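Notes follow once the structure below has been shown.
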Protein chains: 2
Amino acid sequence: MTYCVAMRLDAGLVFLSDSRTNAGVDAISTARKMTVFEEPGDRVMVLLTSGNLAISQSVRQCLAEARDEKRSLWTARDMFEAVTIVGEAVRAVHKRDAHALREAGIEFSVNLIFGGQIRGERMRLFHVYAAGNFIEATPENCYFQIGEAKYGKPIVDRVITPSVPLGEAAKCALVSMDSTLKSNISVGLPLDLLVYEADSLRVTRFVSIDEKNAYFRMIRDTWGQRLRQVFGEIANPEWDASQQAEFPLARDEADRWGQPVRARRDRS
Amino acid sequence: MTYCVAMRLDAGLVFLSDSRTNAGVDAISTARKMTVFEEPGDRVMVLLTSGNLAISQSVRQCLAEARDEKRSLWTARDMFEAVTIVGEAVRAVHKRDAHALREAGIEFSVNLIFGGQIRGERMRLFHVYAAGNFIEATPENCYFQIGEAKYGKPIVDRVITPSVPLGEAAKCALVSMDSTLKSNISVGLPLDLLVYEADSLRVTRFVSIDEKNAYFRMIRDTWGQRLRQVFGEIANPEWDASQQAEFPLARDEADRWGQPVRARRDRS
């Protein structure tokens, strides 16, 4: 599996991906899931992929090869045109592979996050589906996740709004990844982190994070430890009789197939 | 959907369930997912259900009706016999419904947590699958979740071991539920929380938690707020040149289909 998250903030864009891939638990490997398309001063676009690795690699190859020089990520006038080109690449792979996959009982499964900035336009961030259609991030919903998204969603929901500074957002993405790594073995290091500063039109902050990365190690150690500390500081529930107003005992017995919760042996 | 979690600790058992059920987003309702089988002084057994509501209600009915007085949860000699009876109930419902469900294109989907204690034996906790088979919690893996389990898994992974006291485990279950409620609309109040003290052989701590419950409101307010505070206290990543040892810039370009991450326009 995979975990990728990307955020569109006022100050820029944050992209983070893991690199674990597996075809069954006995076929675990490493595959980077971030691809950066950069023409400094003109455009930066980032693609994150999840789902069937054969499909997502094919999509990436289609986009990077850009056989049709008239219509490619390098010539797209704006991010909307660029994301439609990404969608077309997905559909091209679908056309080539979907029938054979269906014959083999394999779902055509791919999910992409695609975002960036082209000179003259604002930053944009999209979630592209297996049908090649897509939705865009908005101020109300300014992030996307693909892959094993659920473990790391609560912290993102609690922290991220468009006004959050880039450093804090990058930290949040890493904490979200840490929670996912902790709970799901199908997500793994190294991580690729790219932080794009609005209007820079070049990649200035891009790191590959492995076990040795001191900052991520600090996050892993500190976050778990501080979480347990905060957890310990919150009072346990009280079950004293005096607290029953707060923790009322449930009604003893309810009608049989109403919503009871308690069945007691009927000694007849 | 549903979120239920149960833990087997040295000091007792903790069971927590939500009560949201839905058949599509326009058919959201409330259904309690905890059923308690109690014969004070002799046995306490708790069943948590997720999956297709028609199936889980039928399983519950089979078990509570106990038509065969010779073989029921009330007569089971130990928890292993009891859980096999639960598995048989799942199989009985499968026999009755699975064919019609398959005709309708509906999966026979049900997941159960079943645990408790019968006099003369230790406490036991099981996860029962749709095939009626089951696994048991162990000291290494002392909790089970069913339904929307992923959002609330990281905090349980970080906190729960068999030696955790009951109050702290109940708090952890509620924090885990809070994260799930925050990120997934298909899980909702009221909650049912049952904390069983080892060898008590009766239900002494059982509460139904709604929006008005002061303790859960405190958890919801405090946890989110303290989480953001801890998050804020952790240093943001530094991108200064002096920090490049910790946050190295990725290598500029890689071979084309090795695992690169960066494609730059080839100006040929």
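For the range A:230-239, putting each phi into the Karplus relation 6.51 cos²θ - 1.76 cosθ + 1.60 with θ = phi - 60° gives couplings of 4, 4, x, 7, 6, 4, 6, x, 9, 10 Hz, in residue order, rounded to whole numbers and with x for Gly and Pro. Among A:Glu81, B:Glu148, the order by Cβ neighbours within 10 angstrom, fewest to most, reads A:Glu81, B:Glu148.
Taking amide H as placed 1.01 Å from N in the peptide plane, the amide H of B:Asn236 sits under 5 Å from none that are at least 5 places away or on another chain.
The rotation axis that maps chain B onto chain A passes nearest to the beta carbon of this chain B residue, listed with its distance in whole angstrom: B:Lys150, 2. Legend: P(r) of the range B:38-132 from all alpha carbon pair distances, 10 Å bins from 0, whole percents, reading 17, 49, 26, 7, 1. Simple point charges give the picture: +1 on the Cβ of Lys and Arg, -1 on the Cβ of Asp and Glu, and for the range B:3-228 a dipole about the Cα centre of about 320 debye.
How far is helix B:166-183 tilted off the main Cα axis of chain B, in degrees rounded to 10, range 0 to 90? Approximately 60 degrees, to the nearest ten. Spin-label model, B:Phe80/B:Ile106: points 7 Å from Cα along the beta carbon direction are separated by 3.6 nm.
Of all lysines in the structure, those lying under 20 Å Cα to Cα from A:Lys171, and not within fewer than 8 positions of it along the same chain, are A:Lys33, A:Lys150, A:Lys153, A:Lys182, A:Lys212. Only Lys, Arg, Asp and Glu carry charge here, each on its Cβ (+1 for the first two, -1 for the last two); on that basis the protein assembly as shown has a dipole of about 600 debye about its Cα centre.
When Rg and Dmax are taken over the Cα atoms of the range A:64-195, they come to 16.9, 48 Å. For the range A:17-34 versus the range B:39-118, the inter-centroid distance based on Cα atoms is 38 Å. Under 5 Å between amide hydrogens, built in the peptide plane, is the criterion, and for A:Ala130 it picks out A:Val110 among residues at least 5 positions away or on other chains. Rounded to the nearest whole Hz, the Karplus-based 3J(HN,Hα) values (6.51 cos²θ - 1.76 cosθ + 1.60, θ = phi - 60°) of the range B:38-53 follow the sequence 10, 10, x, x, 10, 7, 9, 10, 10, 10, 10, 10, 9, x, 4, 5, with x at glycine and proline. Would you mind getting the Kirkwood hydrodynamic radius of chain A from its Cα pairs, rounded to one decimal in Å? Every distinct Cα pair counted, the radius reaches 20.9 Å.
Please arrange B:Ser56, A:Ser58, A:Ser163 by counting, for each residue, the other beta carbons lying within 10 Å of its beta carbon, fewest first. Present the calculation step by step, with values, prior to reporting the outcome.
Numbers: B:Ser56 25, A:Ser58 19, A:Ser163 10.
Ordered from fewest to most neighbouring Cβ atoms within 10 Å, B:Ser56, A:Ser58, A:Ser163 come out as A:Ser163, A:Ser58, B:Ser56.
Quick one: plug the Kirkwood hydrodynamic radius of the range B:135-250 (C-alpha pairs) into Stokes-Einstein at 4 °C, 1.567 mPa s, and report D in µm²/s.
Numbers: Rh = 17.0 Å.
Approximately 76 µm²/s, per Stokes-Einstein.
In chain B, a dipole from Cβ-located charges (positive for Lys and Arg, negative for Asp and Glu) runs towards its positive end, and of B:Ala104, B:Ala173, B:Ala130 it is B:Ala104 whose Cα lies farthest in that direction.
Here B:Ser17, A:Ser109, A:Ser72 are placed in order of increasing Cβ neighbour count within 10 Å, fewest first, which gives A:Ser109, A:Ser72, B:Ser17.
Across the protein assembly as shown, Cα-Cα distances exceeding 42 Å account for 29% of all pairs.
Values in this text are rule-based calculations from the coordinates and carry no lab data. Every value quoted in this text rests on a predicted model; they were computed, and no experiment measured them. For neighbour counting, all protein chains shown are included, and Cβ atoms are generated from backbone atoms with ideal geometry for every residue, glycine included.
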